[in-house]
Amino acid sequence: MNEIEERYEAAKKRYEAIGVDTEKALEKLQEIKISMHCWQGDDVNGFLNPDGELTGGIMATGNYPGAARTPDELREDLNKAYSLIPGKHKLNLHAIYLDTDEAVDLNEIEPKHFSKWVDWAKEKELGLDFNPTFFSHPMMKDGYTLAHPDKEVRDFWIEHGKRSRKIAEYFGKELGQTCIDNFWMPDGMKDNPIDRYSPRKRLMESLDEIFSEEIDERYTQDAVESKLFGLGAEAYTVGSHEFYMGYGLTRDKLICLDAGHFHPTEFISNKLSSLALFSKGIMLHVSRPVRWDSDHVVLMDDELQEIGKEIVRNDLLDKTNIGLDFFDATINRVAAWVVGTRNTQKALLKAMLEPIEKLKDMELDFDFTSRMVYTEELKDFPYSDVWNYFCYKNNVPVGLDWLTEVRQYEKDVLSQR
């Protein structure tokens, strides 16, 4: 028995003493698929028009060397990241990450333009999620896409949305895993509007047209994502939380909560239990805002841990799709993926290692003293020894060892670009 196994056995006994089965927790964690986002690897440029200017509230800052320039380079980087993350997961693609030699615009994309991604996902035993790209394009006019008053503009984006759903359906059929197709658009105004109602009505009607065709939900499910504000839309965002909560509930869609898309004093962890009561399901974009929706790499901070607790304590794993959304061009991009994904897994594991039923009984008995003492003592329990054992069982590096591999990859591959 090596040191990792010895420390795990000791931790296992400590958790057993408070009624927690670490083996069951690890079995459950093994089944959870995190949808890792592709756009960390190339600073959200994509391959539709790699030289195009980012617009629509999208901003990646920094110039760290080694950004992926082609789909093959991006897949190479993803392979390295997945090799350092325990478990089998999903990749979240944006429409601008098509892989084709054909000159094609967003309103012309087809499944064939993503076939290489499907072949790769099959080889790596990964699932795929999808996102239409409603930004960084000349047809995003005057800060609007689906809510634009010009029908020609709306029609372009409606066609893009319809085609994106067919691509998501293709992913689901080919890979045998439901593809979540998440719709977010940055429509809004920089200063105070006179008419907030009409753009929202146009957005509602445009989305209704996109979703008019029924698609078998074994293959794909639609999600809609809100935002408080963005660059260029500081005063008014058409697709607010209230808009999409109403739309999702009345149209039977998944509702996407992005950790950075709310007021700095709001937290999505506190919204999960309410939405779970009324919605069909939830899509998460786990991110880290720093004073605004800046999409920083996910750290093991209080909110990430609260998100994990809310999902696990309320038995919402089957109703919640967990994805990531951040992009940092100031650090090694592969390291960013690994840190964010492993931290999200850690937060879920830490929640699974609570004696949840015992804690709920304390609360029902109004024994707030015991509830406080237990939750405080749990902060010192050796969850990291359980996590390290999970990595060891999955044949991925433990602790800081993975950084050595990333540094070698940076030397051999990234620095040569």
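Structure summary
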quantity: Using θ = phi - 60° and Karplus 6.51 cos²θ - 1.76 cosθ + 1.60, couplings along segment 32-41 (whole Hz; Gly, Pro as x); calculated: 7, 9, 8, 8, 7, 7, 6, 6, 5, x
quantity: Alpha-carbon centroids, segment 222-256 and segment 1-24: separation in whole Å; calculated: 43 Å
quantity: Charge-dipole axis of segment 296-417 as Lys and Arg at +1 and Asp and Glu at -1 on Cβ define it, positive-most pick from F368, M352, A335; calculated: A335
quantity: Extension gain (nm, one decimal) between L400 and D302, 0.36 nm per residue minus Cα-Cα; calculated: 33.1 nm
quantity: Nearest-0.05 FRET efficiency for D361 and W292, computed from C-beta distance (R0 35 Å); calculated: 0.30
quantity: Fully extended contour minus Cα-Cα distance, from D155 to E209, at 0.36 nm per residue; calculated: 18.5 nm
quantity: Beta bridges by DSSP in the chain, antiparallel share as percent, to the nearest 5; calculated: 15 percent
quantity: Check: segment 220-366 dipole with +1 on Lys, Arg Cβ and -1 on Asp, Glu Cβ, in debye; calculated: 320 debye
quantity: For H37, residues with placed amide H under 5 Å, excluding near neighbours; calculated: N92, L324
quantity: Normalised contact order of the chain, rounded percent, pairs of Cα under 8 Å and 6 or more residues apart; calculated: 20 percent
quantity: Gap separating the Cα centres of segment 361-417 and segment 27-92, nearest whole Å; calculated: 22 Å
quantity: Amide N proximity, segment 325-341 versus L231 label position 7 Å along Cα-to-Cβ, cut-off under 20 Å; calculated: 325-333
quantity: Exposure proxy order (Cβ contacts within 10 Å, fewest to most) of I322, I356; calculated: I356, I322
quantity: FRET efficiency estimate (nearest 0.05) - Cβ-Cβ, F278 to I18, R0 45 angstrom; calculated: 0.85
quantity: In range of the label at S370: residues from segment 18-42 whose backbone nitrogen is under 15 Å from the point 7 Å along Cα→Cβ; calculated: 18-20
quantity: R0 of 45 Å, Cβ-Cβ distance S415-E9: FRET efficiency to nearest 0.05; calculated: 0.60
quantity: Fewest-first sequence of V224, V398 by Cβ atoms within 10 Å of each Cβ; calculated: V398, V224
quantity: P(r) weight above 32 Å for the chain, C-alpha pairs, percent; calculated: 36 percent
quantity: Under Karplus coefficients 6.51, -1.76 and 1.60, residue-wise ³J(HN,Hα) of segment 273-280 in Hz, glycine/proline x; calculated: 5, 5, 4, 4, 5, 10, 9, 5
quantity: Neighbour-count order for W120, W402, fewest beta carbons within 10 angstrom listed first; calculated: W120, W402
quantity: Of K173/K346; K12/K80; K116/K151; K88/K393; K358/K379; K13/K90, pairs whose Cα-Cα distance is over 22 Å; calculated: K173/K346; K12/K80; K116/K151; K13/K90
quantity: Net charge of Cβ neighbours under 14 Å - reference M245; Lys, Arg +1; Asp, Glu -1; calculated: +1
quantity: Options N49, L203, L257, ranked by Cα towards positive dipole end of the chain, top entry (Cβ charges); calculated: L257
quantity: For segment 298-306, Karplus couplings with θ = phi - 60° (6.51, -1.76, 1.60), whole Hz, Gly/Pro x; calculated: 5, 9, 7, 9, 4, 5, 4, 5, 5
quantity: Angle in degrees between helix 401-412 and the longest Cα principal axis of the chain, rounded to the nearest 10; calculated: 40 degrees
quantity: Within the chain: Cβ-based charge dipole about Cα centre, in debye rounded to nearest 20 (Lys, Arg +1; Asp, Glu -1); calculated: 220 debye
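Where a number appears in this text, it was derived from the coordinates with a stated rule and is not lab data. Keep in mind the model is a prediction, meaning the values are calculated, not measured. All Cβ positions, even for glycine, are placed from backbone atoms using ideal geometry, and neighbour counts span all protein chains on display.
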